[in-house]
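The values are calculated or read from the model by the stated rules, or taken from the named source; none is laboratory data. Everything quoted here is computed from the prediction, not taken from an experiment. Every residue, glycine among them, receives a Cβ derived from its backbone with ideal geometry; neighbour counts consider all protein chains shown. What goes into the accessible areas is simple: the full protein's heavy atoms, side chains included, and nothing from ligands, DNA or RNA. Shrake-Rupley method; radii C 1.70, N 1.55, O 1.52, S 1.80 Å.
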Amino acid sequence: MSDPHTDKSVEETTATRRQGSPVPTVWIGVILAVLVFVGVNYLGMRHWQRLDWTASQLYTLSDKSRAVAAELDRDVEIVMITTAPDEELARAIVELLERYRGASDRITTDVIDPARDLLAAQDLMARHGVERSEVIVVAAGDDRRVLDLSEVADVDLSGVQMGEAPRLRAFQGEQVITGALLDLAEPEQRRILFVSGHGEASPEAIDRRMSAVAELLGRDNFAYATWGSLGAERVPANTDLVIVAGPTSGITAPELAVFDRYLEAGGRMLILVDPPLSATGALATSTLVDWLATWGVALGTDIVIDPNQRLPIYGPETVFTDNWGNHPVVETLAVIGDPVLFPAARSVRPADSERAGLEIVPLVRSSLESWAETDLETLASIAYDEDAGDLAGPVPLAVAVERTIDPTPVSDPVPVVDPVPTANEPSPVGEETDVAASAAESVDPEPVRRTRMIVFGDFDFASDRAIVNVANAALLLNSLNWLVERERLLAIPPREPEMTQLLLGWGELSTLLAVVVLFLPGLAAMTGVWVWMRRRR
């Protein structure tokens with residue numbers, strides 16, 4: 001028979017153990033939870049990631065922007081000064097700045113509202129010499145670029161008079177900010193010469209047919225000037241690229257010989273030639289056509305017709321295409337999917353050449369239903385005629401030419417006579433000195449040079465009246481950057497913000513009201529009553 005006192009003591013001890021045993025477990029759980037919380041936050045701070053859920057990827061940096069940010073060799077501060085930080089444009093810029101900050105540890109960002117933080121705004125404006133608000137300052141040490149917010153976006157003000165807020169139509173923040181970063185990262189600008197003297201266009205020409213191109217060149221850190229090639233013996237030194245933009249008269253043989261020597265030495269050229277709409281036009285560019293043939297480029301005496309790709313108010317000679325070739329210049333454009341518009345173009349296709357080592361790749365073509373019309377006198381009744389020499393589609397409209405130039409071989413070294421050994425120095429009997437190997441090892445290998453040229457069968461696509469269309473500016477900038485071997489700097493097209501609208505009928509609104517106002521709250525109340533009744537039992 002058991003002792004009741006002993007049983008009671010055992011029960012109390014067991015109860016005490018049951019009550020006391022969870023205490024260490026609870027504290028261990030709390031400590032582990034705190035450690036997990038701290039660890040997750042630390043990892044999130046060091047390896048954070050922002051996602052862009054917009055359909056147009058409005059806030060996603062392009063490969064070009066990430067490359068420029070990753071290659072910064074000094075700290076850069078990007079600050080937006082604005083009195084309206086809550087507006088749509090300011091919010092979009094703030095989100096974009098966060099992307100830049102995440103792309104490089106050297107980039108810091110900030111947003112200052114003079115109305116809320118006057119002292120900080122005055123200090124920043126004094127340090128960087130800024131006298132106005134509504135700007136973005138991109139600064140690296142004493143070097144800075146000041147960007148107006150008006151450059152960042154295309155704002156639709158058509159509804160302001162009706163009481164509507166300004167609408168963000170196209171966001172170009174990444175274009176201008178990356179351009180400023182590139183300007184800071186590459187203080188030495190690439191130099192472009194626009195050939196003049198044959199009716200060509202240039203950003204400095206009086207006709208101002210390329211004023212928009214001047215702005216694009218500035219954003220991508222190019223310096224440009226006009227160069228008269230007539231009478232010149234050579235292309236000026238330190239020239240990175242020569243552009244012939246829409247000549248209307250003949251280029252002489254001595255000038256073409258200068259171009260030849262420049263390209264043979266690893267030069268770069270961009271040539272844009274409009275279609276010959278008359279026999280006179282064909283004659284004016286005949287010397288250039290013959291010269292390009294020696295470089296494996298057949299510039300057709302024709303005009304490309306694409307009736308199945310016609311646009312409203314445009315004629316059949318306007319080519320609207322996204323039929324891209326396989327080349328670094330157009331890789332990003334093929335991914336983006338935007339087409340390019342050529343107001344009038346001639347065919348440009350690869351051809352046989354006596355020069356060895358030429359690599360010629362078409363960049364863009366017209367559609368399968370197009371053709372190159374050779375009967376330029378009767379364009380009013382155009383039709384494909386194979387017997388007349390018309391080229392069937394798809395017709396190449398631009399080609400890229402590249403040729404690798406072998407490094408200049410090292411000349412035969414001068415024989416070296418071994419010095420006479422001194423009395424304390426043994427003679428190198430039986431040892432052979434390889435003079436040629438020693439000389440080769442002492443000479444640094446010359447970097448590989450490449451001749452590069454791009455030929456477009458249309459100038460107008462780069463003129464002021466067409467450069468703003470679809471992917472025209474992106475195609476031109478990609479061509480320039482490839483020619484000067486800046487392939488990593490891919491053009492950034494403006495992003496179009498998505499305008500998402502939810503339109504519901506009366507029946508859908510009634511269903512939504514019943515679910516949100518009646519069903520969900522009622523379900524929560526019923527669940528609470530059920531739990532209460534269960535606990536009462």
## Note on the structure
Restricted to the stretch 249-289 and to residues being β-branched (Val, Ile, Thr) and at pLDDT below 90, the residue nearest to the chain's Cα centre (by Cα) is Thr285
#### Entry: the stretch 66-121 - residue that is in a strand (DSSP E or B) and open to solvent by less than 30 Å² (accessible area, probe 1.4 Å) and, of those, nearest to Arg132 (Cα to Cα)
Ile81
## Note on the structure
Taking the stretch 344-373 and keeping residues open to solvent by 20 Å² or more (accessible area, probe 1.4 Å), under 26 Å from the mean Cα position of the chain (by Cα) and under 10 Å from Val304 (Cβ atoms) leaves Arg365
### Query
So which pairs qualify, if the first residue must be in the stretch 221-238 and farther than 19 Å from Glu255 by Cβ, the second must be in a loop (DSSP other than H, G, I, E, B), the Cβ gap must be under 8 Å, and the two must be at least 6 apart or on different chains?
Asn221/Glu186; Asn221/Gln189; Phe222/Gln189; Ala223/Gln189; Tyr224/Ser202; Tyr224/Pro203; Tyr224/Glu204
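Conditions tested, residue by residue: (1) in a strand (DSSP E or B); (2) buried (at least 17 other Cβ atoms within 10 Å of the Cβ); (3) at pLDDT below 50.
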residue: Val401; (1), (2), (3): yes, yes, no
residue: Pro407; (1), (2), (3): no, no, no
residue: Pro428; (1), (2), (3): no, no, yes
residue: Glu431; (1), (2), (3): no, no, yes
### Query
In the stretch 493-507, is there at least one residue being more than 30 Å from Val330 (Cα to Cα), modelled with pLDDT under 80, open to solvent by less than 100 Å² (accessible area, probe 1.4 Å) and not in a loop (DSSP other than H, G, I, E, B)?
yes
### Task
Look at Arg169 and say whether it is open to solvent by 50 Å² or more (accessible area, probe 1.4 Å), modelled with pLDDT under 80, in contact with a Gly (Cβ under 9 Å, 6 or more places away or on another chain) and outside any loop (DSSP other than H, G, I, E, B).
no
### Task
Report yes if Ala92 is hydrophobic (A, V, I, L, M, F, W, C), touching a residue at least 60 places away in the same chain (Cβ under 8 Å) and in contact with a strand residue (DSSP E or B) (Cβ under 8 Å, 6 or more places away or on another chain), otherwise no.
yes
### Query
Does any residue of the stretch 191-206 turn out to be at pLDDT below 80 and out of contact with any Phe, Trp or Tyr (no Cβ under 9 Å at 6 or more places or on another chain)?
yes
### Message
List pairs: first residue in the stretch 270-297 and without any contact (Cβ under 8 Å) to a residue 40 or more places away in the chain and farther than 16 Å from Thr374 by Cα, second residue surrounded by fewer than 20 Cβ atoms within 10 Å (Cβ to Cβ) and hydroxyl-bearing (Ser, Thr, Tyr) anywhere in the structure, Cβ distance under 8 angstrom, at least six positions apart or on different chains.
### Response
Ala284/Thr248; Ala284/Ser249; Thr287/Thr252
